[in-house]
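Computed from the coordinates by the stated procedures, all read-outs in this text should not be read as laboratory data. If you're wondering where the values come from, they're calculated on a predicted model, not measured in any experiment. When we count neighbours, we look across all protein chains shown, and the Cβ atoms used for this are built from the backbone with ideal geometry, even at glycine.
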Ligand SMILES: Cc1ncc(COP(=O)(O)O)c(C=O)c1O
């Protein structure tokens, strides 16, 4: 196998998928995986086989790709830009049960007007801001009902994503934000229903909140993405162990700076991505945790800096003879900070099956 390569440990991936599905089942909600993490047919097939209901996508290209592969129930969970409506219409006309989202009157009006013009009633959800992290309408705002009235019968529900959960790392804080995510989204749904409008779906989720929620009363579905692979950011948040990380980058030692204790690898930021998500967390893993060829972490050895096609791995504090320990040509694996960002650097994965066989799984890229 050439390097750098993106490896998926399929046993770990399957366990991660089962774990999240069991959580959704025990909380009494459907799981709608966010496929933006992997953008891969085989991974989504495993999620559906485990019991997922529909998928969430972050681009219309993902929607087109997965619809062609036979998935119909697709939630495009990024606010709809009016110029993309013809693309959404084409999908609906082909039989895709595509749902759009909006958090503004202008956005809702664009969807409704375009739909009327073309004889199409788009299914739309209103995005709720549950934590001030990104976009969405606050549940108490008058704007919520104005948008709901404008959408009328095409309104299918509300959704929210507690992005602030990524900055937390204690079970108590994670449980609290999961409850906030649930409560604010349910509150928005109840206001809409009290105004006599439909609001069937109540959709919440991020991996940290999904794995921390104590109950999901009033919620109909959970969305989560990165759980399929997990990563060092999730490890630092406290929702997985390093042994559960299913994605790693296989790299080759291409040189050394012996006196500095540097091991030069052919995985730089082009392979790992520029994501330094652990920098602001309790443990900074540089550009990744270095493991041996079999995926066993090597204590204290981090990919501490990265150029485009060069990585520099070094021990945090050790005067080890790195040339003798990791000679030229040695294969190593690096666990990523952010699986979605690292995966996106590659056009395919190499999936390692339980029996050691390696299969190539294509990965969708671009917009
Ligand atoms: C709208 C939305 N829903 C769900 C998710 C899934 O979050 P995670 O990858 O933490 O599971 C994301 C991730 O960014 C998102 O933007």
Q) Going highest first, how would you order 119-128, 263-272 by mean Cβ packing within 10 Å? A) 263-272, 119-128
Q: Would you calculate the separation in nanometres between label points at residue 320 and residue 68, each defined as 7 Å from the Cα along the Cα-to-beta-carbon direction?
A: 4.5 nm
(Q) Given axes a ≥ b ≥ c from the Cα gyration tensor, I'd like to know whether the range 53-101 is rounded (a/c under 1.5), prolate (a/b larger than b/c) or oblate. (A) oblate
Q: Grab the eigenvalues of the alpha-carbon gyration tensor for the range 216-367, scale each by 5, take roots, and send me the semi-axes largest first in whole angstrom.
A: 28, 18, 14
Q) Using 1/(1 + (r/R0)^6) with R0 = 30 angstrom and r between the beta carbons of residue 176 and residue 307, what's the FRET efficiency to the nearest 0.05? A) 0.15
Q: Could you please state, rounded to a whole Å, how far the C-alpha centre of the range 288-308 is from the C-alpha centre of the range 1-33?
A: 23 Å
Q: On a C-alpha basis, how far is the centre of the range 46-90 from the centre of the range 335-358 in Å? Whole number, if you could?
A: 22 Å
Q: Would you please report the Å³ per residue occupied by the convex hull of the alpha carbon atoms in the range 149-296?
A: 138 Å³
Q.
If I model a spin label as a point 7 Å beyond the Cα along the Cα-Cβ vector, how far apart are those points for residue 284 and residue 138 in nm?
A. 3.5 nm
Q. For the chain, what is the per residue volume of the convex hull drawn over the alpha-carbon atoms, in cubic angstrom?
A. 127 Å³
Q) Normalised by the residues of the range 42-160, what does the relative contact order come to in percent, with Cα pairs under 8 Å and at least six apart? A) 19 percent
(Q) For 282, 276, 223, 193, which order do you get if you count the other beta carbons within 10 Å of each Cβ and list the fewest first? (A) 282, 193, 276, 223
Q: Would you work out the relative contact order for the chain, in percent, from Cα pairs under 8 angstrom that are 6 or more residues apart?
A: 19 percent
**Q.** Rounded tilt (10° steps) of 105-117 against the dominant C-alpha axis of the chain
**A.** 70 degrees
**Q.** Residue of 303, 328, 60 that the Gaussian network model of the chain assigns the largest fluctuation, springs spanning Cα pairs under 10 Å
**A.** 328
Q | Prolate/oblate/rounded call for the range 1-99, Cα gyration tensor, a/c under 1.5 rounded | A | oblate
Q. Taking neighbour counts of Cβ atoms within 10 Å as a proxy for exposure, in what order, fewest first, do 76, 349 appear?
A. 76, 349
(Q) Test of understanding: in a Gaussian network model of the chain with alpha carbons linked when under 10 Å, which of 22, 279, 94 would top the mean-square fluctuation ranking? (A) 94
Q: Provide the percentage of antiparallel DSSP beta bridges, counting only those with both residues in the chain; round to the nearest 5.
A: 50 percent
**Q.** Structure-based [θ]222 nm, the chain - -39500 (n - 2.57) summed over DSSP H runs of at least 4, per residue, nearest 500
**A.** -9000 deg cm²/dmol
Q. Relative to the compact globular guide of 2.2 N^0.38 Å, what is the alpha carbon radius of gyration of the range 246-335, as a ratio?
A. 0.97
**Q.** Prolate/oblate/rounded label for the range 12-226 (Cα gyration tensor, a/c 1.5)
**A.** oblate
Q) Of the residues 354, 292, 103, which exhibits the maximal mean-square fluctuation in a Gaussian network model of the chain defined by a 10 Å Cα contact cut-off? A) 354
